Every structure is written in C-alpha cells, then in structure tokens.
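What follows is one structure encoded as structure tokens, with my remarks underneath.
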Amino acid sequence: MLADDFSYDLPGDRIAQTPVEPRDSSRLMVCRRDSGAIGHRLFRDLPDYLEPGDTLVINESRVLPARLIGHKPGTGGAVELLLLKRLSLTRWEALVRPGARLREGAAVEFGGGLLRAEILGRAPGNARVVDFSWDASSGAFERLLDRLGEMPLPPYIREKLDDPERYQTVYAKTSGSAAAPTAGLHFTSGLLQRVVDKGVGVARVTLHVGLGTFRPVHSGEVEAHEMHEEYYELSADAALKINHARETNHRVVCVGTTSVRTVESCARGGRVVPSSGWTNIYIYPGYKYQAVDAMVTNFHLPKSTLLMLVSAFWTREAALDAYRLAVEERYRFYSFGDAMLIL
C-alpha cells in the first residue's frame, strides 16, 4: 500500500488560520458508512446524532507551552527547542531549530539564564535528548515552562493566536501534549453538558500528543512507516463506561484520533482493559477496529497516519471522496478547521 494513495489536492485558502467563535459554530460533515449519505450541519448539532446509553470518549490532555526560544552562551545565536517527550524529571526529547547543529555537550540558555539545557545525544526522528537545569529558587520546571515557553502551533498556522487557551480543549486537564487533540477544540462547556443531559456517558482518557502523530509518511510504503510512542492512560472508570455501552448495544463515540488510538490500544476482544503506558499503535486500512463505533475528527493532512486511521474506519475511497466534497463545499481544514462525524 502506497502513501501516495492517501494524497489529495487542497487549495491553500482552505487551511484554517484562526479558530471560529464560538467554538461549536464550526461546521460538521456527517458521514454514514452504511448508506454513504453525507450531510452538512454545525458542530453544535452533534447531540442530535448521539443516543442515551452511548459513551463519548474525550482526551483530557493539555498542551504544554513547549516552544522554548533561547541562545547559545557566548554566541548570541538564537536556538529554538520544541519539547516532545518527557523522559525524567529533567530530561526531554526535543526538536532543535534551526538546523539541529548543536553537538553533544552544547548548552542553551533561556530567560537570561533562568533555565539551562545541555544536549546529551540523539533521539528518534532527528530529535535530541536534552537535560535541563535551573535554580531551585525559580520554582519547579513546569512553572518556568509556563513563564518562558510558547504555545507550539503547527507550522501551517501563520497567524498569531491572541488567546493561547483557544488551542486547548475546554476539558483539558493533564499537561503533556506537544499539540492539541484538535477534534475536541469544537466543544464548549455548554455543548458537553447537553451531551450529558441527553443520557450519554462521557469517558475521559489521556493521550499526550507527540508531533510524530502528524508526521506525513515519507517511506513510500505505508507498512514501512514507524510510529512514535505516546503516553496514554485509560482509567477503570473510563473502561467501565466504554464496556457498559458495548454490553448494552450502544455506541462508543471517540472524539479525535487520539481517543481512538487510546481505546484501541486498550481493546481486548471487543472490551477495553484499564491501563497506562506507551503506545505506538499504527492504524491503517486492513486494521480491524475492536471497540470504536463512531468517531468525530477534523480533516487531516495528505499522506498522514491520521487520514489512514480514518480510512481504516471507513474506506480509503470513501474518505477521499468526502475530503474532495469538503474542498468543494469550502470546509476549513486542519487544526482550527471544521469536523466530520463518521457513523
């Protein structure tokens, strides 16, 4: 299977640069796998497609201000680190920009020396292992990161985001992601309450999003691509709600590909088992879903593993036909774009 088989043409003006207000006024393409019917609604209409007894799965991960801009002592040269994966109290995997020219042992300072980093070595995907140090009087690392870091918006978003909270879901709780679980950005607190009031269960999971999730497949062949690991947690309470929906012939509706990957990572014979750890689950056509009955997702980049995941849930042909229709109907694409509900 070739990565080129998951390509499509997208005019640049369809890539959303800013979020819509209010959040739930974004558009929603409703796709039915059984009949092939496609409808066009607003995201606030989502509860119309949920039934009492269904379980909605949401990812509570919160985006870190993971973009740090500093300099090499004595040179004045600017250096940008993008934190990807925490390895210990002080160590991270990070991308180094520009150029990744820092050698092992090189130092970088941030905030006038409030925070310091040493390059220890290489990590997968052209990343580096970085060890941070700071004066204890400055507080915890997280406090410094909040002070010195910036929100790591995707490179295709060129406009400045006035409110960093707009790149967080309203239910974000546990910090750890390098990018937002974007399908959840459409929810307001009021919309989520309407879902609950309808008798739909809400299962809260965590998957800390790494940039590897969004990386296009460059290997040529889909099967040759290697996924990066991401940390996940699915609690006993979430498992209870998901399993109850399946046992009572109701649906498990996942919000976003991160929730899908969490649920499927924990699936055993059509049920889910409470667990936590690291997952590199890779879902592409041929994969047999075990515990997901419907999904809410944004429109994804060509040749991305996310588009392949959607294609595995539907079919490649149907997914690409829907994307072409979305282009014709002027849907907004990617992180701040519109959504689709696949039933």
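The values are calculated or read from the model by the stated rules, or taken from the named source; none is laboratory data. Please read all numbers here as calculations on a predicted model, not as lab measurements. For neighbour counting, all protein chains shown are included, and Cβ atoms are generated from backbone atoms with ideal geometry for every residue, glycine included.
A Cβ distance below 6 Å, combined with a sequence gap of six or more or placement on separate chains, defines the contacts here; from the stretch 269-298, residues that are farther than 18 Å from Glu230 by Cα reach residues that are hydroxyl-bearing (Ser, Thr, Tyr) and buried (at least 18 other Cβ atoms within 10 Å of the Cβ) in the pairs Pro285/Ser311; Thr297/Thr257; Asn298/Thr182.
Close Cβ contacts (under 8 Å, 6 or more residues apart or on different chains) running from residues in the stretch 160-176 that are under 14 Å from Ser335 (Cα atoms) to residues that are of a type in the set (Asp, Glu) comprise Thr169/Glu60. The number of residues in the stretch 2-24 that are loosely packed, with under 14 Cβ neighbours inside 10 Å and outside any strand (DSSP E or B) comes to 8. For the stretch 111-149, the set of residues classified as farther than 17 Å from Glu93 by Cβ and of a type in the set (Lys, Arg) consists of Arg116, Arg143, Arg147, listed by residue number. Looking across the stretch 321-339, the residues that are at negative phi and either outside any helix (DSSP H, G or I) or touching an Asp or Glu at 6+ places or on another chain (Cβ under 9 Å) (or both) come down to Arg324, Ala326, Val327, Glu329, Tyr331, Arg332, Phe333, Ser335, Phe336, Gly337, Asp338, Ala339.
Please work out if Glu233 is closer than 25 Å to Ala267 by Cα and over 12 Å from the mean Cα position of the chain (by Cα).
Considered against the rule, which asks whether it is closer than 25 Å to Ala267 by Cα and over 12 Å from the mean Cα position of the chain (by Cα), Glu233 comes out as yes.
Screening Thr262 with (1) within 14 Å of the chain's Cα centre (by Cα); (2) on the phi > 0 side of the Ramachandran plot gives one miss only, at (2). Among the residues of the stretch 281-304 satisfying the criterion of being at pLDDT below 95 and under 14 Å from the mean Cα position of the chain (by Cα), which is surrounded by the most Cβ atoms within 10 Å (Cβ to Cβ)? The qualifying residue surrounded by the most Cβ atoms within 10 Å (Cβ to Cβ) is Leu301. Taking the stated definitions as given, is Val327 crowded, with 23+ Cβ neighbours inside 10 Å and at pLDDT 95 or above? Taking the combined requirement at face value, the residue does not satisfy it.
Being surrounded by 16 or more Cβ atoms within 10 Å (Cβ to Cβ) and either assigned to a helix (DSSP H, G or I) or modelled with pLDDT of 90 or more (or both) holds for only one residue in Leu191, Leu153, and it is Leu191.
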